[in-house]
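Working notes, structure below.
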Amino acid sequence: MPESPRDEIRRLRREVERHEDLYRRKHAPEISDYEFDQIRDRLQELEAAHPDLAGPDLGIGDDRSEGFEQRDHAEPMLSLDNTYRREQFTAFVERLAGKLPAQGLHFVVEPKVDGVAISLTYEKGVLTHAVTRGNGFRGDDVTANIALIPEIPRRIKGAPDLLEIRGEVYMRMEEFARLNAEREAAGEPLYANPRNLAAGTVKLLDREEAARRRLSVVCYGLGACRPSAFRTLSDFNQRLKAWGFPTSDLFTVADGEDGAWKAIERLDAARRTLPYPTDGAVVKLDRIDLQAVAGATSKFPHWAVAFKFPPDQAETLLRAISMQVGRTGVITPVAELEPVLLAGSTVSRATLHNADEIARKDIREGDTVRIQKAGEIIPQVLGVVLDKRPSDAQPFDFESRLRELGLDATRDAEEAAYKLRAPSREMRIRRLMHFASKHCLDIEGLGEAVAEQLVDLGLVDAPTDVLSLEPQHWALLDKFKEKSVDNMMAGLEAAKSRELWRAIHALGIPNVGMQTAKDLARHFRSLDALAHAKLDNYIVQRVGKKGQELKSFDTVISGIGKEVANSLLSYFSDPNHRDWLKAMRKAGLNLEEAATTGSAVQAVAGKTFVLTGTLPTLSRDQARDLVEKAGGKVSGSVSKKTDYVVAGEEAGSKLDKAQELGVAVIDEAGLRKLLGE
């Protein structure tokens, strides 16, 4: 039966909220912008026709996440309305002309870089914080990760007292390819596209992992500016260049609709040669005073619009659906395609996301499918060409295929992905490689070839099994002579004395990276204490006066919110994982944080340090290790909770912030004195 308007409105509102969450918070969109806009436009059409059934304004979405301090934007950071056809763009220009004085309209046109929006705040010329769009009025403070982008100036001369510079953080194609090559070599699922990876990296709580991924930024927009200092956006763009900010080389000033349209067409022709992902052109009124006259809605400015380029698409045959198993046992379905040329490269595989996505689009083996590459490196399957479906094509039964492949998998009601109950060969190999890797127990010589042999010979099932292997076991491996065996035994012995955080990281707990492992080790001091922790050891619930209404959650450990807490509780409730802990204890691994003894170490233990500038003899990593081994914590940004800022040559805005807040500033010699050296 057809849906009633009430039911359709409710369904569409749920879809809008779900897709906004997938795009902004989880960085894993399942549909294109065009498909999303169609859903949103249909909802607006229905609610306009039935105002009595309309719900509250859904806003522009919200990218705020747990574990981050939040800040208000001095000037709202709105989104852009999308247009897809020339007539829609013409309507945008005509609406502007109806609002503005009778004079020629001048626009600026630039590529719409497909990344994550950021606002950089400068106070008296000093970078003070970087904030995500959030809900448009309040976002997450991600200054620590944005500070890893060297192109962003820490100081600018001749700036207004308060200046918000808007930009887009993105990942270059070559960097994306480098990271995916590493993932492929490790047998991990490949990242889908640069935009999602850039957005996820900006929000990484594991700062060392964030530093390993090279991000870039392009600056283009003006937020708050006090006192007012710019007449036009083109003037502002010239000043950005003079200050040293990365700006677009394709920034164009255009006269009227025709001039702007020609600039859009030039960008469309050039976009496939650009080193960064772009999915359209942004057109903005050049004069800032006229922008104020044009005004804005609660979501979009009236003086700017995004023209979205049609994504590259192709039709091809879906030969089969294969299953890819990750290190944690998550199963990702992959479309194996008849190779087809798309956007300058040959495509033979495309991600299918999960079982629900296959069912929603009714994708079947043998179908002819439409694939799309809109900034995507691994293309997505848009849908099926039903006219070309074979008469004998059968609906894809995900669980039956898992059984055929011998994959014993299930999924929780709230999860989209299936996960193995018992590990496959590939999963056992990847877990062992992670367990022995440099940032875990650092067992020298235990790479992929050795891990494969250990698993295939039945010597290792759980990664902790490697700790109990004797010389005669290692001698069974191909090319393992006496010296190789001795070296491996020495490597295992050395692993026993590694720091506690390495043992925690080696366990491969979902959502627990290297920095989180360090935070857990510092807080709990032993693996046993961590394994027996309860929810209230991570989260404190704040309630109303009479305890009736839940108000909010506070985190006990900075950066560890409900998602990470639930991962830890689930992990340690598994009997198999408790057996791993027993094996580690029996093997003699260090499962406790080193005791902090002596007045010099006590001066560091529990204190928060921020490192800035170049130190005379210590690298940043060396200084971090010294502080953390003494029981201190290294943070990426200065706040009132910072105890010491260790400043070297060319210290930037962090030094200024420390002086402003009255935080103690020391040099390398001062740090060594605290450490008792």
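Each reported figure results from applying straightforward, stated rules to the coordinates on display, with no laboratory input. What you see is a predicted model, and the numbers here were worked out from it, not measured in a lab. Every residue, glycine among them, receives a Cβ derived from its backbone with ideal geometry; neighbour counts consider all protein chains shown.
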In angstroms, what radius of gyration and Dmax does segment 70-308 have, counting Cα atoms only? 18.1, 62
I'd like to compare 571-584, 255-268, 391-404, 280-293: which one has the highest average count of other Cβ atoms within 10 Å, and what's the full order after that? 280-293, 255-268, 571-584, 391-404
What aspartates and glutamates could a cross-link reach from K99, if we take a straight Cα to Cα line under 17 Å and drop same-chain neighbours fewer than 8 places away? E257, D286, D289
Which of H302, H505 comes first, and how do the rest follow, when ranked by fewest Cβ neighbours within 10 Å? H302, H505
Could you give the spread of the C-alpha atoms of segment 425-495 along their three principal axes, from largest to smallest, in whole angstroms? 29, 25, 18
Which order do the peptides 614-621, 655-662, 365-372 take when ranked by the mean count of other beta-carbon atoms within 10 Å per residue, highest first? 365-372, 655-662, 614-621
Could you list, in their original order, any pairs among K483/K586; K308/K657; K124/K633; K373/K419; K26/K124 whose Cα atoms are separated by more than 32 Å? K308/K657; K26/K124
Need one number: convex hull volume per residue for the chain, Cα atoms only, in Å³. 204 Å³
Pull out a ≥ b ≥ c, the square roots of the eigenvalues of the alpha-carbon gyration tensor of segment 1-124, then state rounded if a/c is under 1.5, prolate if not and a/b is larger than b/c, and oblate in the remaining case. oblate
Quote the charge dipole size of segment 425-495 about the Cα centre in Debye, to the nearest 20; the model charges only the Cβ of Lys and Arg (+1) and of Asp and Glu (-1). 160 debye
Rounded to the nearest 0.05, FRET efficiency between D412 and R212 (Cβ-Cβ, R0 45 Å) equals 0.90
Inter-label distance, nm, simple model (7 Å from Cα along the C-beta direction), K262/A587: 6.9 nm
On full extension of the chain, what length is gained from D579 through A529, given 0.36 nm per residue of separation minus the C-alpha to C-alpha distance? 16.4 nm
Please report the base-10 log of the normalised intensity I(q)/I(0) for segment 599-675, using a Debye sum with one equal scatterer per alpha carbon and no solvent, at each q in 0.13, 0.15, 0.17 (1/Å). -0.31, -0.42, -0.55
